[in-house]
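Report on the structure given below.
All of the numbers you see were taken from the coordinates with simple rules; none came from a lab. Everything numeric here is computed off the predicted structure, so don't read it as measured data. Here the Cβ positions follow ideal geometry from the backbone for every residue, glycine too, while neighbour counts run over all protein chains shown.
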Amino acid sequence: MAGAAFIGEHSFANNEFLIALNRPDKKDLEKAFSFGKKIAGLLNRIENPAELAPVNVPGNFPYKQGTSFGSFSVIDVTQDCDSCGLCITACPKNSIDEANNYATLDDHCIYCCACIKACPQQARILKNSPIKEKAKWLTENCALRKEPQIFLPG
Ligand code: SF4
Ligand code: SF4
């Protein structure tokens, strides 16, 4: 009955790679709240969602195939590591080896960068790799702020 495209910070984003850094922000959340109120208003006016006109959402279907980079080493751990273990808690793939100086298990890593963001010592850093190149490319080519888009029936 409705759709929206909201902007979220890219998983690679940090102070070096400014890819939608700190989004959603206050303005985005105000738009999300307003979007929710519009949907609630629609629901209050109708008996059945089938009564609503179709929602037209631009885009392409079928989706493009994803790109596989293969498996390679992406993250280095510097001497600033103080063994706090927060990266292990943050990692969704259980791919950090505590017994090996918190090194990344490259075969399991999905390059989400959650461990880099979680590290209070900034001891986890992106190595030169296709992922770092992609982060640079996104920073250079996706720097302009984009606003959320909302799609309602009719
Ligand atoms: S990049 Fe993601 S998957 Fe890889 S080690 Fe860090 S948190 Fe785990
Ligand atoms: S979060 Fe950073 S400082 Fe803590 S164990 Fe992991 S790499 Fe070391």
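Note the angle between two axes, namely the Cα long axis of helix 130-141 and the longest principal axis of the Cα atoms of the chain, as a number of degrees from 0 to 90, rounded to the nearest 10. Between the helix axis and the principal axis of the chain, the angle is about 50 degrees. Springs between Cα atoms under 10 Å define the GNM used for the chain, and in it the highest mean-square fluctuation of G36, G85, G59 occurs at G59. For the chain, the relative contact order works out to 38 percent when only alpha carbon pairs closer than 8 Å and six or more residues apart are counted. Lys and Arg at +1, Asp and Glu at -1: add these up for the other residues within a Cβ distance under 13 Å of E147 and post the number. Taking every other residue near E147 into account, the sum is +2. Taking a straight line from the alpha carbon of K127, these lysines sit under 22 Å away, with near neighbours fewer than eight places off in the same chain left out: K93, K117, K136. Gyration tensor analysis over the Cα atoms of the stretch 1-84 returns equivalent ellipsoid semi-axes of 40, 21, 11 Å (largest first, whole Å).
Dividing the Cα radius of gyration of the stretch 75-128 by 2.2 N^0.38 Å, with N the residue count, gives 0.96.
Rounded to the nearest 10 degrees, the angle from helix 26-45 to the longest Cα principal axis of the chain is 40 degrees. With only Cα atoms counted, the chain has Rg and Dmax values of 20.3, 63 Å.
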